1. Would you pick out the residues in region 116-147 that are crowded, with 20+ Cβ neighbours inside 10 Å and part of a strand (DSSP E or B)?
2. Take region 77-87 and flag every residue that is surrounded by 16 or more Cβ atoms within 10 Å (Cβ to Cβ) and over 15 Å from residue 60 (Cα atoms).
3. Residue under question is residue 176, and the condition is that it be part of a loop (DSSP other than H, G, I, E, B) and in the same structural domain as residue 199 (by TED's automatic domain parsing); does it hold?
4. Looking for something within 30 Å of residue 331 (Cα to Cα), in the same structural domain as residue 18 (by TED's automatic domain parsing) and modelled with pLDDT under 85 - is there at least one such residue anywhere in region 115-126?
5. Among the candidates 288, 278, single out the residue that is buried (at least 23 other Cβ atoms within 10 Å of the Cβ) and assigned to a loop (DSSP other than H, G, I, E, B).
6. Within region 230-248, can you find the residues that are surrounded by fewer than 20 Cβ atoms within 10 Å (Cβ to Cβ) and closer than 17 Å to residue 194 by Cβ?
7. For residue 200, are the conditions met, namely being in a helix (DSSP H, G or I), surrounded by 22 or more Cβ atoms within 10 Å (Cβ to Cβ), assigned by TED's automatic domain parsing to the domain that holds residue 283 and in contact (Cβ under 8 Å) with a residue 24 or more places away in the chain?
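The values are calculated or read from the model by the stated rules, or taken from the named source; none is laboratory data. These figures come from a predicted structure and were not determined experimentally. Ideal geometry is used to build each Cβ from the backbone, glycine not excepted, and the neighbour counts take in all protein chains shown.
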């Protein structure tokens, strides 16, 4: 295999930083080939190498790439296994932490610090070198090596361009609890997993990208399953995967999607990292998020080049909340100032955005977006309602709505008189 010129440059700069500092963090946009880059780094250093990652998919990807590159001195284990078996570390002189933005956890820090303490090389690799807490990745990994950002890689023809569409709903996310910089899934799911919003998602997909192979991101297992059912009910071949299904069923569903038997694959917190299918040509962002890390990882699932694929469409379903991540975050940290037009490509927006800022840093552009009127959701029952129902001896389903709870309470009180 031959590296692209930019990959060779990143590899060379990473080797240089490791020889100088003993550790560094290398940033490669999703789809930029971070696995082949760090395998090349290991090959150049000729050190017995341990790669740690948090998912089986990433570990398997590393093993396949190392085999292709004839790197028989690279081993890959889960961070869970590595952190519980410190004796493994004695066999290696070079540590690579895949998706190192997760390294705020004690398990990662203990493993990294053990290598640093023994004077061995440490490399962190990620597409998203930021966190939502106060932990600084450079404190652990040292200087950053980064040569091109996502937009530069698109403009240089190394990654696929994106075409943005925004469908605004009137579902309100105000009041949905957050933790660690993002919505709590259990609180978010009953708000967005409603029939009319799910119907809207499928209708807009059929209108904007009816023939595109699409990956859809859902909030919860229930949301993923309901969306898949809605696609099927509207005549679109679809399936859903999550951590709740067996390995065998999950592998078969993913295989059906990759081989074209399914047009849409809906997933819940499973295919945001370590999932590669270059033929994906549309992303359905049915899961609102405040996390730039999660948003960037989701977007990255459509960034890879593929024969016959000129662009990847991104359809966002934007609920009423001001701080959710949107496609403008790929270009600007202040997406509220300049917004992408319907059907505009990210590379074109990047150039337009830069020109607008140059001419008038206070400019504001208001683009017309599609709005679905009278879209509503049923709020989840309050903790007071749940407690009161239990005091009345009434068992309820887990996701009962505020309206349903009020009906039950009213009926129970009326029955007392």
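1. Once the filter is applied, which keeps residues that are crowded, with 20+ Cβ neighbours inside 10 Å and part of a strand (DSSP E or B), region 116-147 yields 121, 122, 123, 124, 125, 126, 145.
2. Residues satisfying the conditions are 82, 83.
3. yes
4. No, the conditions are met nowhere in region 115-126.
5. Among 288, 278, only 288 is buried (at least 23 other Cβ atoms within 10 Å of the Cβ) and assigned to a loop (DSSP other than H, G, I, E, B).
6. Scanning region 230-248 gives 233, 234.
7. Values: in a helix (DSSP H, G or I): yes; surrounded by 22 or more Cβ atoms within 10 Å (Cβ to Cβ): no; assigned by TED's automatic domain parsing to the domain that holds residue 283: yes; in contact (Cβ under 8 Å) with a residue 24 or more places away in the chain: yes.
For residue 200, the condition - in a helix (DSSP H, G or I), surrounded by 22 or more Cβ atoms within 10 Å (Cβ to Cβ), assigned by TED's automatic domain parsing to the domain that holds residue 283 and in contact (Cβ under 8 Å) with a residue 24 or more places away in the chain - is not met.
Let's see how each residue does on (1) under 19 Å from residue 112 (Cβ atoms); (2) modelled with pLDDT under 85; (3) outside the structural domain of residue 130 (by TED's automatic domain parsing):
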{"site": "10", "(1), (2), (3)": "no, no, no"}
{"site": "14", "(1), (2), (3)": "yes, no, no"}
{"site": "26", "(1), (2), (3)": "yes, no, no"}
{"site": "33", "(1), (2), (3)": "no, yes, no"}
{"site": "37", "(1), (2), (3)": "no, no, no"}
{"site": "57", "(1), (2), (3)": "no, yes, no"}
{"site": "64", "(1), (2), (3)": "no, yes, no"}
{"site": "71", "(1), (2), (3)": "no, yes, no"}
{"site": "75", "(1), (2), (3)": "yes, yes, no"}
